[in-house]
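Here the structure comes first, spelled out in structure tokens, and everything after it is commentary.
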Amino acid sequence: MKLSNLCLLTLGLASAIPAHAVFRCVDDKGVTHYGDTMPPQCAKKEVSEISSGGALVRKIDAQLTPEQIKFREAEKTKRTENLRLVAEQKQRDLALLGTYGSEREFTSSRGRDIAQLDGRIKTLQNRTIEIDASIQKHTAEMEFYKAGQSKSAKSVKPREAPQQLINDLARANNDRAALDTEIAQTDAEKKTIGDRYDEEKARWKRLKEGLAVGTVLDAEGNISVTPNGERRPATPLTPATAPAHASSPATAPTAAAVKALTKK
């Protein structure tokens, strides 16, 4: 009796599927639809293509909404950008590892770069001494003409300073201002180079401690993008709640690291 009931149930299920059905989907109400061609009810649903024996051949993804398409394209763009950041970081990491073998080498290289800038500043400062002397000389000459004008009798035309003297004094003052600017810029460059060496040394140490080459870090030193291009933290994203990720700006390599890159 039980065997007969089982056979009847099996026959009933088989009869529910059309003999030549190859497409199958389930609508919003839970009703299953079959058809030799794509059933109209399956237009926006996930569709299974099945063989005449009922075996799954393949699955066809549901048609995406405009919002889903936009979100998927945005995610693709983000991943492309992540992989670009990883590739650039990997190149810098390999340059660091190929350039420095110890922390002492960072100190030596930094000292050489800073010494060059100190030499430039010294040259500029010597030049300012020369220009200051020139300004002092031209100013004294200008004072001579001004004093002569104040003492001249009204009937005598006062002597005016030569145009060449006026031009020379103006040029000397401009040169002095330019030197001040260049000295300030060189001082700023020294600080920038020092900061770069500090950042590269810290990065080098983390690589030596096991950080994977190509890993992108954020401003706080936390992992932002893994070498496979995935963002961290791995928060589930939806089209409505997907957050915008800010990329950490790449730090420009020091002179030694640039030299290693150009050799490759």
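The values are calculated or read from the model by the stated rules, or taken from the named source; none is laboratory data. Since this is a predicted model, take the numbers as computed values, not measurements. Cβ placement follows ideal geometry from the backbone for every residue including glycine, while neighbour counts extend to all protein chains displayed. The area values use the complete protein model at the heavy-atom level, side chains included, leaving out ligands, DNA and RNA. Shrake-Rupley method; radii C 1.70, N 1.55, O 1.52, S 1.80 Å.
Leaving ligands, DNA and RNA out of it, report the carbon-plus-sulfur percent of the accessible area of the range 63-203 at a 1.4 Å probe. Kindly include the intermediate steps, with their values, before the conclusion.
Working: 5090 of 9670 Å².
The value for the range 63-203 is 53 percent carbon and sulfur by accessible area.
Peptides 93-99, 194-200, 37-43: what's the order by average Cβ count within 10 Å, highest mean first?
Details: 93-99: 18.7, 194-200: 16.3, 37-43: 14.1.
Descending packing order for the listed peptides: 93-99, 194-200, 37-43.
Taking a Cβ cut-off of under 14 Å around Thr65, the surrounding Lys, Arg, Asp and Glu residues balance to a net charge of 0, with basic ones at +1 and acidic ones at -1.
Compared with the direct C-alpha span, the chain from Asn222 to Lys29 gains 64.8 nm at full extension, assuming 0.36 nm per residue.
The alpha-carbon positions of the range 78-206 define a convex hull whose volume is 164 Å³ per residue. Note on the range 80-150: Cα convex hull, mean projected area over all directions, 10.0 nm².
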